[in-house]
Each structure stands twice: as C-alpha cells, then as structure tokens.
Amino acid sequence: MAALIEAISIKRKMYFEFEDAPYHCLDVEVSKPTARGGQTLVRIKMRNLISRAVFDKTFKAGEKFKEPDLVKAEASFQYADGDGYHFMDQETYETLTLSGDMLGDDRFLLSDNVLVAVHKFNGSPIGLQFPPIVELTVKETEMGARGDTASGSVTKLAILETGMELRVPLFIKEGERVKVHTETREFAGRA
C-alpha cells in the first residue's frame, strides 16, 4: 500500500495523487487561522501530469493523498514522427512514446540524444523532466551591428535547431551551440 501524504506536508516539486491522477506541486501556501478554532488551510498550485492542466486548489491541513505510482526512467530522445516523440529507455532499451500534446512547448528543448527523465504512471509514459540546462545549435540569427549596445538592447533574436526562438547576446553567431535554461527558457551561455 502506498504511503499517505498529509496536505500540510506537501512541498514544492513533490508528487501526489488526487482523484486517481498524478499531480506535481508547483507552489504551496499555508494559511494559519487567526481566530481560535479556525482550520489551517493549504493552497496548492498543481499540475495534472496527464492532462497538463494547472490550477489552484485549497485543502484542509489534515487531508491525505496517496503517493502516486510514478516511476522515472532515464531515456534519450531518438526521433519524432506522426505518432509522437520517441525516447529510448537507458536501462531496458525499450522505446517510450509521448504525444505532442503531452509535451507541449517542451518539444522545443529536444535535440538528438538529449537525456531526460520520462515519468511513467501505472506503467505508461505521461511526461518528461529535463535536466536544468540543454545545449542547442543556433540555426539563424541576425548579425549584431556596431553601436547596437547604445540603445540598451544588447540581445538579438535567434532561432534554434528545434524552432525555438531565444534572445541571445550580440556576439552569438549562426552554427554556435548555446545553453538554454529548461525552466525559464532563457540563454545560459555558450556551450
């Protein structure tokens, strides 16, 4: 039997099961009562790992949730086609497929052989967890002209190999590899 987690003990980035679906806690706020006899409430900003919907919900501090049957499998991105995005499990070498709907904008972070953690719920893949930084190649960008820094704008738009648009410093050229923060989708330096 899976362990039960009380609402008051849920922390940011934890996983829990609510209404037979796995959720990821994005943020949590505890409000303690000011009046005697008032209940402590826990407001959780959570993401449904299957539908990808994000919403806030308030629970009583003592409400209990099951630990989800979530398994993380280390996998590398192989290719994308009409059926979805295909990853190879690094332990079993089986192919795991996720649909474009499951990935959303995360698909712009995928390049050949990037290592990710694939979340499986009850045995089937439902989502990805990226490393903090991925490396991608700049496919096209404008040349930075002398004097551009005087206006205070020291970045330019670059289109990466995956189609992602990113603001990069003026010295970045086409064909260079850059690091991208996976959470903020911002430039993190040259690779």
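Taking neighbour counts of Cβ atoms within 10 Å as a proxy for exposure, in what order, fewest first, do Leu170, Leu110 appear?
On the way: Leu170 17, Leu110 23.
Listed from fewest to most nearby Cβ atoms, that is Leu170, Leu110.
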Item to complete: Straight distance only, please: which aspartates and glutamates reach the Cα of Lys72 with their own Cα at less than 12 Å, same-chain residues fewer than 8 apart left out?
Response: Asp89, Glu91
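Suppose every K and R has +1 on its Cβ and every D and E has -1 on its Cβ; what is the size of the dipole of the range 70-129 about the Cα centre, in Debye to the nearest 20? Intermediate values should be presented prior to the final figure.
Working: 3 positive and 10 negative charges, 35 e Å.
With Lys and Arg at +1 and Asp and Glu at -1, about 160 debye.
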Discussion item. With 10 angstrom as the radius, rank Lys120, Lys11 by how many other C-beta atoms surround their C-beta, starting from the fewest.
Written reply: Lys11, Lys120
Worksheet item: Rounded, prolate or oblate: which one fits the range 83-123, using the alpha carbon gyration tensor with axes a ≥ b ≥ c (rounded when a/c is under 1.5, else prolate when a/b beats b/c, else oblate)?
Response: oblate
Worksheet item: Between Glu6 and Glu19, 0.36 nm times their residue separation minus their Cα-Cα distance comes to what?
Response: 3.2 nm
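Rounded to the nearest 500, what is the 222 nm mean residue ellipticity of the chain from helices alone, with -39500 (n - 2.57) per DSSP H run of 4+ residues and division by all residues? Provide the component values of the computation, followed by the final result.
Values: 1 runs with 4 residues, N = 191.
-500 deg cm²/dmol, from helical runs alone.
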Worksheet item: Can you give me the Cα centroid spacing of the range 12-26 and the range 100-145 in angstrom?
Response: 22
Fill in: Violating pairs (Cα-Cα greater than 21 angstrom) within the set Lys57/Lys120; Lys13/Lys45; Lys32/Lys66; Lys32/Lys57
Lys57/Lys120; Lys32/Lys66
Worksheet item: Taking N as the number of residues in the chain, what is its alpha-carbon radius of gyration divided by 2.2 N^0.38 Å?
Response: 1.29
Discussion item. Using each residue's phi in the range 57-72, evaluate 6.51 cos²θ - 1.76 cosθ + 1.60 at θ = phi - 60° and report the 3J(HN,Hα) Karplus result to the nearest Hz, with x for Gly and Pro.
Written reply: 8, 9, 10, 6, 4, x, 4, 10, 10, 7, 6, x, 7, 9, 10, 9
Worksheet, complete the sentence: Once Arg167 and Thr92 are pulled to full extension, the length gained, defined as 0.36 nm per residue separation minus their Cα-Cα distance, is 23.2 nm
Discussion item. Could you identify which residue out of Phe77, Phe16, Phe55 has the top mean-square fluctuation in a GNM of the chain using Cα springs shorter than 10 Å?
Written reply: Phe55
Discussion item. Need the full-extension length gain, Asp83 to Ser31, defined as separation in residues times 0.36 nm minus the C-alpha distance. One decimal, nm.
Written reply: 14.2 nm
Worksheet item: About its Cα centre, how strong a charge dipole does the chain have in debye, to the nearest 20, once Lys and Arg get +1 and Asp and Glu get -1 at the Cβ?
Response: 1060
Worksheet item: What is the spread of the Cα atoms of the range 94-143 along each of their three principal axes, largest first, in whole Å?
Response: 50, 19, 19
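Going by how many other beta carbons lie within 10 Å of each one, how would you line up Thr34, Thr162, Thr40, fewest first?
Numbers: Thr34 6, Thr162 16, Thr40 13.
Taking fewest neighbouring Cβ atoms as first place, the list is Thr34, Thr40, Thr162.
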Worksheet item: Mind checking which lysines have their C-alpha under 29 Å from Lys156, skipping anything on the same chain fewer than 8 residues away?
Response: Lys139, Lys173, Lys179
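Taking 8 Å as the Cα distance limit and 6 or more residues as the minimum spacing, I'd like the relative contact order of the chain as a percentage.
Values: 407 pairs, mean separation 26.7, N = 191.
Value for the chain: 14 percent.
Read-outs: derived from the displayed coordinates by stated rules, not from any lab. Note that this is a predicted model, so its numbers are computed, not measured. Virtual Cβ from ideal backbone geometry, glycine too; neighbours counted across all protein chains shown.
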